[in-house]
Amino acid sequence: MTVDKQHRAILDKLGITSLNDMQNEATVKIASEREVVLLSPTGTGKTLAFLLPIVSLMDQDLVGVQALIMVPSRELATQIEQVMRDMGTGFKTNAVYGGRPMSQDKIDLKHPPSVLIGTPGRIADHLRRKTFSTSDTHTLVLDEYDKSLEFGFEVEMKEIINGLSALKKKILTSATKKIDIPAFVRLKQPKYLNFLDENKPRLAFKTVEYTERQRLDTLRTLLRHLNGKPGVVFCNFRETVEEVSEYLTKHRFAHGCFYGGMEQQERERALVKFRNGTHRVLVATDLAARGIDVPEIQFVVHYELPANADEFIHRNGRTARMNSNGAAYIMKWSHKPLPDFMKSLRSKYIPVSELSKTKSDAASWKTLYITGGRRDKISKGDIAGLFIKQGNLRPDELGLIEVKQSVSFVAVKEDSVKSLLPKVNNAKLKTKKIRVSVVA
């Protein structure tokens, strides 16, 4: 496929050489068809696949919401928002979701974005308040539509779709074909793009048995055996996440937590620290199985076995992404058989005695918090310049930089933090005096 100049410029900004087969076909079909249902595994690049053709449909001179993207979670909303910003198209983009101050939403929506991303509950709330108009909304995306239905957003989704009178294009995406598309979406002749079988990851399954009393010890041994690789430990319940976290903390094993009951700020910081390597392990519920931006996961651990095959698939989809390799470790109680949907699985049995208890040799990072972001016209380059020139950091001591709306996060080698902070805290960045501190 020949990539047009606009798409080529966007891909260059994102540092992407070429699109994969799914993205190539999706961009063509979404541009030409009124209704598209895209089915492709987690991590294959669906976000870019629908954003590229949407950008081509946008009118620079039109003031108003032209594309509405509905998602099941806050994390997916902010992830798509960031991708759209990184594309550098010039179109105003905002994300709205539950847990975010309504006052901040109103400020962002006072000048309507061209692309609005949000959870169904918050979008429906804004439509009832008439915060923004949908008279120019020509494109609707239901990203991970099956998860939105599973989360109980059917009433809000129906209300929103019924209020979109100017729609010309509908795009639905999912990582599963298990849930039927509800009638209220009113699809007439959708074009289905099914890449679920073509994009099977190269995933190795391994089973580790434990006795009931040794469960947590077995997990710690397994994590030490993985030697600092980035991965997710999946639990079924918040209480289990907290139990595992308490145990790992007691044994001084650095990790983050992620589950539905956490405050939005805590969830965001947990993902930031996981992405930048401050934490190499994330202990999470199935909320982390889809819709969060955590690349380069090399393994998942099923500390508690999922309730069904669908969740098992989505958990495993966090690793071995985009045709890379990965491993899924199944922790099995020695006196209990695996569930039926796992019995035909080809999994290598690993005795606990063969798990080497090595100490991680991964680089040790700390996450710093900066009281300034995009609203202050601060860029990644500004922060890097401050830390390297004024903070005397070497480039290899500076890790991932994430610039949010009003704050920023920076990964710095742990050994360099103490000497760095006095040099950059209270410094002036652009026109703003910033505070710099370590994220607890």
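The values are calculated or read from the model by the stated rules, or taken from the named source; none is laboratory data. This one's a predicted model, so the numbers in the text were calculated from it and none came from an experiment. When we count neighbours, we look across all protein chains shown, and the Cβ atoms used for this are built from the backbone with ideal geometry, even at glycine.
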Residue 252 among the basic types (Lys, Arg), part of a helix (DSSP H, G or I) and either free of Cβ contacts under 8 Å to residues at least 24 places away in the same chain or surrounded by 15 or more Cβ atoms within 10 Å (Cβ to Cβ) (or both): no
Subset of region 127-168 that is of a type in the set (D, E, K, R) and in contact with a helix residue (DSSP H, G or I) (Cβ under 7 Å, 6 or more places away or on another chain) - its residue that is nearest to residue 31 (Cα to Cα): 143
Filter result (aromatic (Phe, Trp, Tyr) and either under 24 Å from residue 413 (Cβ atoms) or outside any loop (DSSP other than H, G, I, E, B) (or both)) within region 255-296: 258, 274
Condition broken by residue 136, with the remaining ones in (1) under 21 Å from residue 162 (Cβ atoms); (2) surrounded by 23 or more Cβ atoms within 10 Å (Cβ to Cβ) satisfied: (2)
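Within the group 222, 271, 282, which residue is crowded, with 16+ Cβ neighbours inside 10 Å and more than 26 Å from residue 398 (Cβ to Cβ)?
On the way: 271 fails: more than 26 Å from residue 398 (Cβ to Cβ); 282 fails: more than 26 Å from residue 398 (Cβ to Cβ).
Just one listed residue meets the conditions, 222.
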Failed item in (1) surrounded by 15 or more Cβ atoms within 10 Å (Cβ to Cβ); (2) assigned by TED's automatic domain parsing to the domain that holds residue 307, with residue 379 passing the rest: (2)
Enumeration of residues in region 231-249 that are within 19 Å of residue 302 (Cα to Cα) and assigned to a helix (DSSP H, G or I): 238, 239, 240, 241, 242, 243, 244, 245, 246, 247, 248
Only one of 85, 100 that is out of contact with any Cys (no Cβ under 6 Å at 6 or more places or on another chain) and not in a helix (DSSP H, G or I): 100
Test: residue in region 43-56 that is more than 23 Å from the chain's Cα centre (by Cα) and under 26 Å from residue 188 (Cα atoms): yes
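Here is a yes/no grid of residues against (1) more than 25 Å from the chain's Cα centre (by Cα); (2) surrounded by 13 or more Cβ atoms within 10 Å (Cβ to Cβ):
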residue: 153; (1), (2): no, yes
residue: 175; (1), (2): no, yes
residue: 183; (1), (2): yes, no
residue: 188; (1), (2): yes, no
residue: 206; (1), (2): yes, yes
Criterion (of a type in the set (Ser, Thr, Tyr) and under 24 Å from residue 341 (Cβ atoms)) met by exactly one of 192, 210: 210
Residue in region 320-342 that is of a type in the set (Lys, Arg), buried (at least 23 other Cβ atoms within 10 Å of the Cβ) and not assigned by TED's automatic domain parsing to the domain that holds residue 69 present: no
Residue selected from region 412-440 under the condition among the basic types (Lys, Arg) and in contact (Cβ under 8 Å) with a residue 60 or more places away in the chain, by the criterion surrounded by the most Cβ atoms within 10 Å (Cβ to Cβ): 432
Failed item in (1) within 18 Å of residue 278 (Cβ to Cβ); (2) in contact (Cβ under 8 Å) with a residue 12 or more places away in the chain; (3) loosely packed, with under 13 Cβ neighbours inside 10 Å, with residue 387 passing the rest: (3)
Residues (modelled with pLDDT under 95, surrounded by 20 or more Cβ atoms within 10 Å (Cβ to Cβ), in a loop (DSSP other than H, G, I, E, B) and in contact with a Leu (Cβ under 8 Å, 6 or more places away or on another chain)) located in region 22-70: 40, 41
Check on residue 131, within 21 Å of residue 50 (Cβ to Cβ), of a type in the set (Ser, Thr, Tyr) and either without any contact (Cβ under 8 Å) to a residue 60 or more places away in the chain or assigned to a loop (DSSP other than H, G, I, E, B) (or both): no
Residue list for region 398-411, filter: surrounded by fewer than 19 Cβ atoms within 10 Å (Cβ to Cβ) and within 14 Å of residue 429 (Cα to Cα): 406
Qualifying position, being outside any helix (DSSP H, G or I), among the basic types (Lys, Arg) and modelled with pLDDT under 95, among 147, 106, 178, 170: 178
Residue match in region 113-128 (condition: of a type in the set (Val, Ile, Thr) and in a helix (DSSP H, G or I)): yes
